[in-house]
Protein chains: 2
Amino acid sequence: MSEKMFGRVALIGIGLIGSSLARALRRDSPETEIIACARRGETLAAVQRLGIADATNHDPAQAAAGADLVVVATPLSAYAEIGERIAPMLKDGAILSDVGSVKQAVIRDLQPHVPREVHFVPGHPVAGTEHSGPESGFAELFRDRWCILTPPPETASEPVTAVGRMWESFGMHVVTMSADHHDKVLAMTSHLPHLIAYTIVGTATNLEESLKSEVIEFSASGFRDFTRIAASDPVMWRDIFLNNREAVLEIVQRFTEDLTALQRAIRWGEGDKLQELFTRTRAIRRSIIEAKQA
Amino acid sequence: MSEKMFGRVALIGIGLIGSSLARALRRDSPETEIIACARRGETLAAVQRLGIADATNHDPAQAAAGADLVVVATPLSAYAEIGERIAPMLKDGAILSDVGSVKQAVIRDLQPHVPREVHFVPGHPVAGTEHSGPESGFAELFRDRWCILTPPPETASEPVTAVGRMWESFGMHVVTMSADHHDKVLAMTSHLPHLIAYTIVGTATNLEESLKSEVIEFSASGFRDFTRIAASDPVMWRDIFLNNREAVLEIVQRFTEDLTALQRAIRWGEGDKLQELFTRTRAIRRSIIEAKQA
């Protein structure tokens, strides 16, 4: 975006996503004033060293005061307290948004605190890497990825458009859907894969010592990919599973049934069943490549 | 390798691995005569078009006749018949090797046919992509990957060294272990991850139509990685699961127990258990990066 989109943006939480947003704003909207907030002094020191914010503050209320756009980008477990603390400081007409990976829980935790004159636009830029912290961010993280906005029915359309336009200017494809639907889609595309990756890497760590060291040494492509996913931020993912519990448990149940069926096919030597599934899954990959997400 | 290592090499099966081996031989040992064998005329036509073999033959016995090194590189289900057919044509002093992902089954299917004067060196270059067929091969596929040789106790050491030296010249790190141990290590590092990836992509294809199309559209990093793995060759993987049944079922059982424990932790909101595991798995990733396999 060439025009200055927001005068002042407060980023509450400045890890991988928050710091990538700061960098993208810096690059494309240099006149926007960026306030970064983090609990730990170490994180704020890193932000200062990186020069990705105009000011830093460990207090979310002070950071949010006077901002045109406040983006919460902490692990989900901090949202309720942040909402309570920043609410009295939000200026009339401000937009409160976030980047959390679960949307019903975000609405549950933030909405009760949102003052009448503040616009609430929950959002989820579906982008990330296995790295975390402000050093790991980069402005191009959002390029060609989806951003899902889940505004409650009460939110006016202009602020939704404004937030969407910001993400679009960073290369994202912005869509709007209900928080409930978002949580189901992400349970399948992101939360279950991460749970499985964490599980399989955990299974490997529980092997007898001799086998375990060789598993690490000879880790073939399959396992190596899983370990990358399973290196994602532990607190962020703990919070995702606890806050999207129902959708995740529902999809884990389906997955377990399907795995049990495959297990049975292997035990009984039913090669045709295996081959049929493996042929179907190959086709899905093609669909994804066609949808340009691969 | 600058010297001509083998006078004539017969590749029985010329898919991703076989054709990559042909390309690597062509590049590094141009005087070696390469005979490619495939069941389908279409595959042989592709090999001729690509110019990666000196001769092609649909009959494994004729292809193997007079070769100094015969490498079986078909799906595992074809091994027993190939062994039976090529055995009478193998010349004295020839080396019979292969690239199969399961080693006990290979020994079970090939060894009974190996003539007394032929050296049997089962091998597994642990390299691959989700693509298959002779067009998908490339000489650099083997660079910096492991190659595991599992010679039976009866095999003399010189032919093992000769095969190992060939793979080393293509950039592989060659190790020797028992077939039984190989099958257990690979069940964890490669077979289980593939089974899980196939399962999860299958679970997604069984979703209600509206959710399914969005799962494809919004496929986030986790799911996208799994679809790549689940796009691997269906017949090859059917054969791997059927031929490493016991080791795979044992490790699936462990995985299922671990997943059930996580499922329970999510249901009961036991965040500390989740975070503890996720922190442990992150450390494993570091070990793998240190082992230079990432």
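The values are calculated or read from the model by the stated rules, or taken from the named source; none is laboratory data. It should be emphasised that the depicted structure is a prediction, and the values quoted were computed from it without experimental measurement. When we count neighbours, we look across all protein chains shown, and the Cβ atoms used for this are built from the backbone with ideal geometry, even at glycine.
When A:TRP268 is tested against (1) within 20 Å of B:ALA261 (Cα to Cα); (2) modelled with pLDDT of 95 or more, just one condition goes unmet, and that condition is (1). Among residues belonging to region B:101-132 that are of a type in the set (Val, Ile, Thr) and surrounded by fewer than 23 Cβ atoms within 10 Å (Cβ to Cβ), point out the one that is modelled with the lowest pLDDT. Of everything passing the filter in region B:101-132, B:THR129 is modelled with the lowest pLDDT.
Being part of a strand (DSSP E or B) and surrounded by fewer than 19 Cβ atoms within 10 Å (Cβ to Cβ) is a condition met by at least one residue of region A:50-62. Selection of helices (runs of 4 or more DSSP H) fully inside region B:136-212 by the criterion of at least 1 residues being under 30 Å from A:GLU250 (Cα atoms) and touching a strand residue (DSSP E or B) at 6+ places or on another chain (Cβ under 9 Å) returns nothing. Within region A:240-261, residues that are part of a helix (DSSP H, G or I) reach partners that are surrounded by fewer than 15 Cβ atoms within 10 Å (Cβ to Cβ) and modelled with pLDDT under 95 with beta carbons closer than 8 Å, at six or more positions or on different chains, in the pairs A:ARG254/B:ASN206; A:ASP258/B:ASN206.
Name every residue in region B:255-294 that is closer than 17 Å to A:PHE226 by Cβ, surrounded by fewer than 17 Cβ atoms within 10 Å (Cβ to Cβ) and basic (Lys, Arg), in order of residue number. Matches in region B:255-294: B:ARG280, B:ARG286. In the condition set (1) crowded, with 24+ Cβ neighbours inside 10 Å; (2) more than 19 Å from the chain's Cα centre (by Cα); (3) more than 7 Å from chain B (Cβ to nearest Cβ), A:HIS191 is compliant with all but (2). Set side by side, the residues A:ALA87, A:ALA65 differ, and just one is touching a helix residue (DSSP H, G or I) at 6+ places or on another chain (Cβ under 9 Å), closer than 13 Å to A:VAL9 by Cα, small (Gly, Ala, Ser) and free of Cβ contacts under 8 Å to residues at least 60 places away in the same chain, which is A:ALA65.
Within region A:5-47, how many residues are hydroxyl-bearing (Ser, Thr, Tyr), surrounded by fewer than 24 Cβ atoms within 10 Å (Cβ to Cβ) and under 22 Å from the mean Cα position of the chain (by Cα)? Step through it out loud before you land on a result.
Taking region A:5-47 and keeping what is hydroxyl-bearing (Ser, Thr, Tyr), we get A:19-20, A:29, A:32, A:43.
Going one step further and asking which of them are surrounded by fewer than 24 Cβ atoms within 10 Å (Cβ to Cβ), we end up with A:29, A:32, A:43.
So of that shortlist, the ones also under 22 Å from the mean Cα position of the chain (by Cα) come out as A:43.
Residues that pass the stated criteria total 1.
Residues of region B:205-232 that are under 27 Å from B:GLU246 (Cα atoms) and among the small types (Gly, Ala, Ser): B:ALA230, B:ALA231, B:SER232.
Is it the case that A:GLU208 is within 7 Å of chain B (Cβ to nearest Cβ), farther than 18 Å from B:GLU214 by Cβ and surrounded by fewer than 19 Cβ atoms within 10 Å (Cβ to Cβ)? It is false that A:GLU208 is within 7 Å of chain B (Cβ to nearest Cβ), farther than 18 Å from B:GLU214 by Cβ and surrounded by fewer than 19 Cβ atoms within 10 Å (Cβ to Cβ).
For region B:215-222, indicate whether the set of residues that are more than 7 Å from chain A (Cβ to nearest Cβ), assigned to a helix (DSSP H, G or I) and farther than 23 Å from B:GLY128 by Cβ is non-empty. Before the answer, list the steps.
Filtering region B:215-222 for residues more than 7 Å from chain A (Cβ to nearest Cβ) gives none.
No, because not a single residue in region B:215-222 is more than 7 Å from chain A (Cβ to nearest Cβ), assigned to a helix (DSSP H, G or I) and farther than 23 Å from B:GLY128 by Cβ.
Of the numbered criteria (1) aliphatic (A, V, I, L, M); (2) touching a residue at least 60 places away in the same chain (Cβ under 8 Å); (3) not in a strand (DSSP E or B), the one A:LEU110 fails is (2). Residues being within 21 Å of the chain's Cα centre (by Cα), basic (Lys, Arg) and surrounded by fewer than 22 Cβ atoms within 10 Å (Cβ to Cβ) are represented in region A:232-250 by at least one member. Only one entry in A:GLU135, A:GLU158 is among the charged types (D, E, K, R) and within 21 Å of A:CYS37 (Cβ to Cβ), namely A:GLU135. Scanning region B:247-294 for residues that are of a type in the set (Lys, Arg) and within 7 Å of chain A (Cβ to nearest Cβ), we see that the one that is nearest to A:GLU217 (Cα to Cα) is B:ARG285.
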